[in-house]
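Student: Got a structure for you, written out below as C-alpha cells; questions coming shortly.
The values are calculated or read from the model by the stated rules, or taken from the named source; none is laboratory data. In this text, all values refer to a predicted model and were calculated from it rather than measured experimentally. Neighbour counts are summed over all protein chains in view; Cβ atoms, including those assigned to glycine, are modelled from backbone coordinates with ideal geometry. These accessible areas exclude ligands, DNA and RNA; they are computed on the full protein's heavy atoms, side chains included. Shrake-Rupley method; radii C 1.70, N 1.55, O 1.52, S 1.80 Å.
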Amino acid sequence: MTSPSEFEDDFPMIEVKKMNETETRLFALLFNLMKEPKGITFKRFQKIMPRYYNNEDSDSDRKKLYRDLNQLKSMGFNIKVANFGFQSEEHYPYYLEKETLDILLKFTKPELEYLSILLCSVTDLNNETLLSLSQKLFSKSLDLYPKGIKIYKRKIEETVEGESDLSKIIQALKDKRALVVNYGREKKDRTIEPYRLIRKNSEDFYLLAYDRSRNALRRFILPRIVVKKELREDFLSQKKISDQDLNLHPLAFTNGESKQYEIVIHPMFYDSFIHFLEGYPYEVSGHSFQVKTANSEAFFPFFLKSPSALQEGTSDLFVTEYKSYLKSLSEMYTVVS
C-alpha cells in the first residue's frame, strides 16, 4: 500500500495564501459586475460596496474605482462604460462585456473547400508559414485539410544547426572563451565574450556578452546568434555584471544619451503605467513620474495604446520626442497608402 509520504513527494502541497485587502476588493468588484450584466453606476457601487467606496470625498472614491477597474482591464476583463447620451452620472454604468461566439469570424464549408483548393495549388509545400496557417484554418474541419502541406527534412536540419550553435555558446560560457558570430540581419562578424544566459518570461532567452567592437556589454537574442568560429582566446574584458545589465525592461536598453523625463499620468491609467514600469527604477509624486532612460522610445507603445493617459505637466522634452515619433508614423503610413 502506498504511504502518504510518497504522494507528498509526487504532489508537493501548494501554500494557500489569504487574499489581501486589494485582492478582496477587486474580487468583490468583479463579482458584482458579473451579477449585473446591464451595468453598475458609480453611485450604485458606493451603495453596494460601502466597505471599499465610502469616502466623504466622492472624487477620491471615483479615482479609486477608476484604478480598480483599470487593474481588472489589465488582467484581461473587458470592462466598458455605457453612454446613453445623458449628463447625469447615474446613466453611465460600468459593465463587463462578455465575448460571444457570434463576434468571432466563421468560415462556411464552401469557403473552406475553396481555401483548401488554393493552398493545395501552392508549389512550395515545404513551408512553415503555410503549415501554421493551414493548421489554424482547418483545426475544426480536418476533413478539408489540404493534403501534402507539411514540414520536411529542412526543419530537422535547421533544428540541429540551432542546437549546434547553442551548444557552442554554452561551451564558450563554461570555458570563458570568445566567439566570432553573426547576429540577426547583420552580415559583419562580431567577436563576443559570453558572460551569462538571461531568461525573460518563460520562453525568451538572451545572451549577455561583451562585444569587442563596441567595447561594452550587450544583450543578444539567443535564436538570432549564428556561431561562425570558436576562438581559443581568453577574455580580454573583466566586466562586473550589474543589476542594470540583467534588467530586460525596454527602458533599460541603451539608445543614445540617458535623459530625465517627467511624465504626468491620468488617474484612470495610474495602475497600468506602474505595471508597465515594473522592474525599472522611477520616482513618483502624486500622478507625476520621474524616469531616467536612454531609450525614451520604449514609452511610446504604451501611449499609442492609451493616448488619454498622457496629461498636462509632462516635460516638454518628452512631448517633443513623442510628437516627432507620431509624425514619423504618420508619414510612413502616408507613403504606404
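Student: Residues being charged (D, E, K, R) and open to solvent by 60 Å² or more (accessible area, probe 1.4 Å): count how many of those fall in region 213-223. First the steps, then the outcome.
Tutor: Initial filter on region 213-223 (charged (D, E, K, R)): 214, 218-219.
Adding the requirement that they be open to solvent by 60 Å² or more (accessible area, probe 1.4 Å) leaves 214, 218.
Going through region 213-223 one residue at a time, the tally reaches 2.
Student: Checking Phe31 against (1) closer than 22 Å to Ser272 by Cα; (2) open to solvent by less than 60 Å² (accessible area, probe 1.4 Å): exactly one of these is not met. Which one?
Tutor: It fails just one condition, (2).
Student: If I filter region 285-295 down to residues being surrounded by 10 or more Cβ atoms within 10 Å (Cβ to Cβ) and over 23 Å from the mean Cα position of the chain (by Cα), which single residue comes out as nearest to Asn70 (Cα to Cα)?
Tutor: So the residue we want is His287.
Student: Which ones in region 299-320 are within 23 Å of the chain's Cα centre (by Cα) and assigned to a helix (DSSP H, G or I)?
Tutor: Scanning region 299-320 gives Phe299, Phe300, Pro301, Phe302, Phe303, Leu304, Lys305, Pro307, Ser308, Ala309, Phe318.
Student: Could you list all residues from region 264-295 that are assigned to a loop (DSSP other than H, G, I, E, B) and of a type in the set (Ser, Thr, Tyr)?
Tutor: Matches in region 264-295: Tyr280, Tyr282.
Student: Residues of region 288-314 being of a type in the set (Gly, Ala, Ser) and under 27 Å from Lys73 (Cβ atoms), which ones?
Tutor: Correct list: Ser288, Ser296, Ala298, Ser306, Ser308, Ala309, Gly313.
Student: Please specify each residue of region 296-312 satisfying the condition of being touching a residue at least 12 places away in the same chain (Cβ under 8 Å) and open to solvent by 30 Å² or more (accessible area, probe 1.4 Å).
Tutor: Of everything in region 296-312, those that are touching a residue at least 12 places away in the same chain (Cβ under 8 Å) and open to solvent by 30 Å² or more (accessible area, probe 1.4 Å) turn out to be Glu297, Ser308, Leu310, Gln311, Glu312.
Student: Continuing with the same structure: From Lys38, Lys17, which residue is more than 23 Å from Ile79 (Cα to Cα) and either surrounded by fewer than 10 Cβ atoms within 10 Å (Cβ to Cβ) or at pLDDT below 80 (or both)?
Tutor: After ruling out the rest, the residue left standing is Lys17.
Student: Right, another one. For region 183-210, how many residues are among the charged types (D, E, K, R) and modelled with pLDDT of 85 or more?
Tutor: Number satisfying all stated conditions: 3.
Student: Against the condition modelled with pLDDT of 70 or more and assigned to a helix (DSSP H, G or I), how does Leu115 come out, does it pass? Please lay out each step first, then the result.
Tutor: Numbers: modelled with pLDDT of 70 or more: yes; assigned to a helix (DSSP H, G or I): yes.
Here the answer is yes, as Leu115 does meet what is asked.
Student: Can you tell me how many residues within region 314-335 are among the β-branched types (Val, Ile, Thr) and at pLDDT 90 or above?
Tutor: Here the count works out to 3.
Student: Also: Look through region 224-271, keep the residues that are surrounded by fewer than 17 Cβ atoms within 10 Å (Cβ to Cβ) and among the hydroxyl-bearing types (Ser, Thr, Tyr), and return whichever of them is modelled with the lowest pLDDT.
Tutor: Filtering region 224-271 for residues that are surrounded by fewer than 17 Cβ atoms within 10 Å (Cβ to Cβ) and among the hydroxyl-bearing types (Ser, Thr, Tyr), the one modelled with the lowest pLDDT comes out as Ser242.
Student: Restricting the first residue to region 44-55 and requiring it to be over 16 Å from Arg67 (Cβ atoms) and open to solvent by less than 60 Å² (accessible area, probe 1.4 Å), which pairs with a second residue that is at pLDDT 85 or above and in a helix (DSSP H, G or I) meet a Cβ separation below 8 Å and a spacing of at least six or different chains?
Tutor: Taking only residues 6 or more apart or on different chains, the pairs are Ile48/Asn32.
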